[in-house]
1. Among the helices (runs of 4 or more DSSP H) contained in the range 67-160, which hold 2 or more residues that are touching a strand residue (DSSP E or B) at 6+ places or on another chain (Cβ under 9 Å)?
2. Cβ-Cβ under 9 Å, sequence separation 6+ or interchain: first residue in the range 46-58 and assigned to a loop (DSSP other than H, G, I, E, B) and at pLDDT below 85, partner open to solvent by 50 Å² or more (accessible area, probe 1.4 Å) and not aliphatic (A, V, I, L, M). Which pairs?
3. Restricting to the range 46-75, name every residue that is among the polar types (S, T, N, Q) and open to solvent by 30 Å² or more (accessible area, probe 1.4 Å).
4. Before we move on, is LEU118 within 18 Å of PHE11 (Cβ to Cβ), loosely packed, with under 12 Cβ neighbours inside 10 Å, among the hydrophobic types (A, V, I, L, M, F, W, C) and touching a residue at least 60 places away in the same chain (Cβ under 8 Å)?
5. Restricting attention to the range 186-232, which residues are out of contact with any helix residue (DSSP H, G or I) (no Cβ under 8 Å at 6 or more places or on another chain), farther than 26 Å from ILE114 by Cβ and open to solvent by 50 Å² or more (accessible area, probe 1.4 Å)?
6. Suppose we filter LYS78, LYS5 for residues that are surrounded by fewer than 16 Cβ atoms within 10 Å (Cβ to Cβ) and either aliphatic (A, V, I, L, M) or modelled with pLDDT of 85 or more (or both); which single one remains?
7. Looking at the range 172-184, I want the residues that are among the hydroxyl-bearing types (Ser, Thr, Tyr) and have a partner that is open to solvent by less than 20 Å² (accessible area, probe 1.4 Å) with Cβ atoms under 9 Å, at least 6 apart or on another chain. Which pairs are those?
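The values are calculated or read from the model by the stated rules, or taken from the named source; none is laboratory data. Model, not experiment: these values are computed from the prediction. Reconstructed Cβ throughout: ideal geometry from the backbone, glycine too, with neighbour counts over all protein chains shown. Surface accessibility is based on the protein's heavy atoms, side chains included, excluding ligands, DNA and RNA. Shrake-Rupley method; radii C 1.70, N 1.55, O 1.52, S 1.80 Å.
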Amino acid sequence: MKTLKNHLILFDEECPMCRMYTSAFVSTGLLEKEGRAAYQDLSTQACPMVDRQRAANEIALVNQDTGEVTYGIESLFKIFALIMPFFGPIFRFKPFVWLMSKVYAFIAYNRRVIVPPLKDQSFQFQPTFKLHYRIAYLVFTWFVTAYILSVYTGLMKELLPAGNAYREYFVCGGQIIFQGIIITLLNRRKVWGYLGNMMTISFAGALLLLPALLTSIWLTIDPFFYMLWFLAVAGLMLFEHIRRSKLLKIGWVLTITWMLYSIAVLLIFFYK
């Protein structure tokens, strides 16, 4: 496998995802052993050609021979071209690069709520918050989560009252609004951070339902099994909500209201 020599990739030390995939680039030989560094660790004199704020937003790749710097998806394409040289033309095709840059930005600007940093170290350069990407993330996770739940609840139809096709969309959307009001009253500064984390938990929970959902395609299982699976996933979501609330330093109120909303929805389902 080829190695991209004399290149330095700058990652976000506070981002577990960034640390993981840049470490993989080094361990697989795509970059040299000294080919990665956290942008937070760079001295003010090192790599003067790098736009520090842009490097905080989009991963930067520095050609140490020429001083050329690429950012975001173009940095990744430059590395991927080593393993998939036959994709080189499409990696240079401008409409494709533009489309993938939007996908990259969607993830990059939401990375702190997808996998939150374990410590708030308050480095000088932090990722820029872009509201439209956060709203897009909330809409995306709301839609996918509601869709999976709509299908999954059909497996528990003998235990859970049937609803219309849009019930789960209203439930998930209602939770965003309800918890949004609570966090606004408690700490307006953390509204978008909390909602992003909350919907990551919901989205992850929906993905954990997929193994049982896929099993139902080939096997006929008692609905009670799907209910137990659902409750186990809900338990994991609760623990994750508690963990993330601690990281956000928002106390227990949001976890309590998150639970109360879910209980209230179940009671409405059963007694409507």
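1. Details: elements: 73-83, 88-91, 94-108, 111-114, 131-153.
Result: 73-83.
2. CYS47/GLN64; MET49/GLU68
3. Answer for the range 46-75, where residues must be among the polar types (S, T, N, Q) and open to solvent by 30 Å² or more (accessible area, probe 1.4 Å): GLN53, GLN64, THR66.
4. Details: within 18 Å of PHE11 (Cβ to Cβ): yes; loosely packed, with under 12 Cβ neighbours inside 10 Å: yes; among the hydrophobic types (A, V, I, L, M, F, W, C): yes; touching a residue at least 60 places away in the same chain (Cβ under 8 Å): yes.
Here the answer is yes, as LEU118 does meet what is asked.
5. Selection gives ILE217, TRP218, LEU219, THR220, ASP222, PHE224, LEU228.
6. Just a single option satisfies the conditions, and that option is LYS5.
7. Short answer, once both residue conditions are applied: THR184/VAL191.
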